[in-house]
Structures are given as structure tokens and as C-alpha cells.
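Only one structure is covered here, and it is reproduced in the block below.
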Amino acid sequence: MSQEPRAASFNGLIDLASAELGGEALATSDDFFASAQSMLASGPAVFIPGKYTDRGKWMDGWESRRKRGPGHDYCLVRLGAPGEVLALDIDTAHFIGNHPAFASVEGTLAPSEASAADVMRGPFQELLAQAPLRPGSQNLFVPRAIGVVSHLRLNIFPDGGVARFRAYGHVTAGWRKPALDDASRAHVTPDAFDLAALENGARALACSDAHFGGMNNLLLPGRAANMGSGWETRRRRGPGHDWIVIALGARGTPQVVEVDTNHFKGNFPERCAIDGIDAERARPSDLVASDAWSPLLPEVSLRADHRHFFGRGELVAGAPITHVRLRIFPDGGVSRLRIWGELRAEATGPSAKALERLNGATEAEAREALSRCCGATRWVDAMLAARPFDSARALLQAATDAWRPLQARDYLEAFSHHPEIGADLNDLRSKLARTADLSQSEQAGAALAGEGTILALRRQNQAYRERFGYSFIVCATGKSAEQMLALLEERLLHSPEVEIGIAAAEQAKITHLRLQKLWS
């Protein structure tokens, strides 16, 4: 998150593994020389000549001892927030004669509270196949797309040192109720969400300047450890003021704003103002140039090293917004910005009437409805135990939580409830009878396909079943038959261990879509 002027990075992406975001090295095969947690630290690694410990040379990063037998070393990392990993940086800075020759990276989706032993049981999917590493260098990779992950396993072959490990991507928001500290509790209601939190999917899009501290530092969890963990601009020598534009994690209505100048004493802004706009999917350049911003917090004075809370009577009430713009006068540093409020996203689940019906249904009725969304018995049992659901979002979050701890046998049970894409259309219609209202749009691409594509889908699905033991599972919504056929042929090349994880992720997507259409 911190500024790294000498290092390559990926603008617009978040380092999901960063310790500042909450990333943690849960387990490692060996870190005799240097702690694995160190490679998740912010900022570039440093080298201090002449610094030694009782185990050898002190190194800023993770370093295992020399392996004298078979095997390789690994580190299991819990990401600060689950998300999709789009770029990797395995930085071997300062590791010259002791860097790993090769590395690979695997990912899995598991509950945040799961133990290292439980997570290690997998299943894992391969993001990066074994690749050579250069010594003393940033090693940048574009991984395979495998969907949302919560944990990564970095494998090094056979041993050695990694200074920094970065996993850049997009956060997938969990939207759990936040744990408020005493200061926040005095101003924020327990049912409010921080719409501007990185772990809820918010991100900084543009700013006038970030010379001393990166944009996304402003949205990190917790209070800043020092000035370097905030957003700070250079000293302004001419007219004007500095600003930053932030995309909220979801559309919402702000109730309380927190502006924290923690650690900024001789360099805090004299004043600030905050504007809001409702502009879903707007481009950053359009937001910067827009004159449609509306005041959320009129210009107010700020104090040094202080948490400022602004609530009712200070905020300008208005419609829900998707972005905020913080303006500081004339320049300086802010460590954290919180936009506490109520989610006002567009409908992402069943109607209130359908939700009321699910909550009030008998166990047998609710089991039947949920089984039509996902056929895994343990998933259905967990969903029944989680009733009642106070919102559509809570229902979808419960579905995710119930799916994460399941194992291969549960995946196979869920897969068995799906019709085969590309099967004989008459047989397909009869198989879909039980889930017709939920799955007809999922299979629409296959239904509109030509005879040749249907035959190819059927032939390749048979090959898939022979290889893996279950039907090809794909969230087909929005995909043509030709696209599904291409995906099928690509996934036939996977190992069984990799493929079942991908199929399970597709099943989770299908389950969410069916829940959204429940009793519609």
C-alpha cells in the first residue's frame, strides 16, 4: 500500500496479501533464517550490512534453511480480504546466492477463521505453474483466472529466500458487520457498514497527488501505525487544493463520516470537504471532470493527530451515492477515511416477499426450495440453520459461508443435480422440469445452439465425465454454446485436483443466481 518509487506495481489493483490489509502467514514448512510474515510487509525490502542474528545473516523477508533431502518449502498465506488475484510479484530483492530457483502459487477459498491444518487440506487450484525466479529482482507474473480465493500457498523449489510476496487483484466484499472500537461506537450504529473500506471492495481511483503516501492507504483497516501508512501530498507552493476520488464498495447512504489525521501533526490539512455522486460504472476520468458532484460534508476545520466524526446535522442528507471525493485545503496528510452508512445497492437477491416466504416456510418447504438452488445436503442443512435472513444480502452471504467448508463429496452431490449441457434436448427438458424456473436462462445458450454444436457439446461432455466422473459444471448465464464448448475443451486439460476446485467455484456462482431468482 505504501509508496514504492523504485518498484513496479499494478495501478488500480489491491495487494490482497499485504499485512496492512490483514494478510497473514498462517503456516510454513521452514523459516529458520527469516520469518515468513516479513515478506507480506509494506514497502520495499531493506538490506542492512553487518546485521546478524544467532541463526545467521538478518534478511528482510522469508528465508528457509538449505534443504538437504527431497521436497520443497512452502508458505500458506491468508489474504487480508478474499478476492480475485490478477497479478503476482515474487520479489527476491537482496537474495542473490540464496534465492529459490523456481516458485509456484496455488489458491483456495476457505472460511477466514479456518485453521491452517484445515486450509491445507484444500482443494487448491493452481494460479501459477512452476516458474523460474531471477535473483535480486521483482518476478512479475499474470496468473490463471480461478475465481475468488481467500488463501494462497507459495511454493519455492527447493528452498531459499523471498523478500516480498504480493498478490494484486480485486477485493470480493463480505459485508459482515464491523467490530467497532470505543471511539467509533459513540458515533456509529452497529448496523452501519464502512462503505469506503478496502475489505468491502472500495478503492481509490484518482488523486491530485500522493507523493508521500499511496492513495489506498486511506482505506486500510485499523488506525495507521505511522504517517507512512496514510495518504499524504507534497507541499503545495501555488494556488488550489488537493483531492482524491474513491469508489465505494457498494452504493449506499452515508450516515457518519470519519476523517482521521492520526500522526499528522505539522502536516495535517487545515480544512476538508467531501462530495458524493451516484455514478455506477463511471470512468475515473469522467468522475474527475464531472460537475455533478453534490456536497456531503461542507468545508470544515481539521485538527492535528485527531479522529473527526461528522454525523447528523453536519452531513448534507441526499440520495444514495457510489463515489466520494475528499478535498483537503491546501495539502497535507490524512491517515484514514471512513464512510459509515447503509447499503443501498440495486436488488441482488429475492424480493422481500420471497425472503419472507423462505423465512416463514416449514423446514420441509424451505429444504425443497434451497435444494433447487444447490443439491448438496450439507449446504442445505447449513442454510436451514442460518434462518431467518434479514436481507437478500444476508442470504447470499450465508450461502457463501455455507459453501466454503464443504469437501469433494459435497461438490459431487451438488453436481449430480445438474443436467448435462448439450444432452438430447428432449431429455434435457425433462431433467430441467424440477428446476425449470431457476435454470432455464442458465441453459439458454445451449438451447439456441445449432445441431453441430449440441453434438460437440454432448461428445466432449461424455469425454469430460469419463475423465473426471461428473458432468461439466459451468455458470452458463450470458455464454453462447460456442463459448461453453471452448471452456469445456480447455478444462478437459486440467488435472482432477484442479478441475474439481474450478467446478466447485462455478457451482457457487450458479447457486447465487438461483437464490436471486428464488420464488420470483
With the condition kept exactly as written, say whether any residue in the range 475-483 is modelled with pLDDT of 80 or more and within 22 Å of Ala398 (Cα to Cα). yes
For the range 65-72, check the following and say yes or no: at least one residue is in contact (Cβ under 8 Å) with a residue 60 or more places away in the chain, out of contact with any strand residue (DSSP E or B) (no Cβ under 6 Å at 6 or more places or on another chain) and under 19 Å from Leu220 (Cβ atoms). no
Qualifying positions in the range 171-187 - in a loop (DSSP other than H, G, I, E, B) and not hydroxyl-bearing (Ser, Thr, Tyr): Ala173, Gly174, Trp175, Arg176, Lys177, Pro178, Ala179, Leu180, Asp181, Ala186, His187
Options Ala87, Ala103: the member that is farther than 30 Å from Arg176 by Cβ and not assigned by TED's automatic domain parsing to the domain that holds Gly501: Ala103
The range 210-221, residues that are over 14 Å from Ile339 (Cα atoms) and assigned to a loop (DSSP other than H, G, I, E, B): Ala210, His211, Phe212, Gly214
In the list His263, His323, which residue meets the criterion of being closer than 27 Å to Thr172 by Cα, touching a helix residue (DSSP H, G or I) at 6+ places or on another chain (Cβ under 8 Å) and not hydroxyl-bearing (Ser, Thr, Tyr)? His323
Residue within the range 279-294 that is over 19 Å from Gly213 (Cβ atoms) and of a type in the set (Lys, Arg) present: yes
Just wondering, is there one or more residues in the range 128-138 that are surrounded by 22 or more Cβ atoms within 10 Å (Cβ to Cβ) and part of a strand (DSSP E or B)? no
Going through Arg234, Arg251 one at a time, which residue ends up being assigned by TED's automatic domain parsing to the domain that holds Phe212, closer than 24 Å to Ala289 by Cβ and in contact with a His (Cβ under 9 Å, 6 or more places away or on another chain)? Arg234
Do any strands (runs of 3 or more DSSP E) entirely within the range 1-119 hold 1 or more residues that are modelled with pLDDT under 95, under 22 Å from the mean Cα position of the chain (by Cα) and polar (S, T, N, Q), and if so, which? 102-108
Sort through Ala41, Ala45, Ala34 and tell me the only one that's touching a Lys or Arg at 6+ places or on another chain (Cβ under 6 Å), over 19 Å from Val119 (Cα atoms), touching a residue at least 40 places away in the same chain (Cβ under 8 Å) and not assigned by TED's automatic domain parsing to the domain that holds Ala247. Ala45
Test Gly318 against the stated conditions and say whether it is touching a strand residue (DSSP E or B) at 6+ places or on another chain (Cβ under 7 Å), surrounded by fewer than 21 Cβ atoms within 10 Å (Cβ to Cβ) and of a type outside the set (Val, Ile, Thr). yes
In the range 235-311, which strands (runs of 3 or more DSSP E) lie fully inside it and hold 3 or more residues that are touching a residue at least 60 places away in the same chain (Cβ under 8 Å), within 18 Å of Leu195 (Cα to Cα) and not acidic (Asp, Glu)? 242-260
Please go through the range 126-144 and pick out each residue that is under 18 Å from the mean Cα position of the chain (by Cα) and farther than 19 Å from Leu76 by Cα. Val142
Please go through the range 188-209 and give me each residue that is assigned to a loop (DSSP other than H, G, I, E, B), more than 14 Å from the chain's Cα centre (by Cα) and surrounded by 20 or more Cβ atoms within 10 Å (Cβ to Cβ), ordered by number. Val188, Ala192, Leu195, Ala196
Among Arg467, Arg491, Arg459, Arg409, which is more than 30 Å from Ala352 (Cα to Cα), modelled with pLDDT of 85 or more and surrounded by 20 or more Cβ atoms within 10 Å (Cβ to Cβ)? Arg491
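The values are calculated or read from the model by the stated rules, or taken from the named source; none is laboratory data. Treat the numbers as computed from the prediction; the structure is a model and nothing was measured. Glycine also receives a Cβ, built like all others from the backbone with ideal geometry; neighbour counts cover every protein chain displayed.
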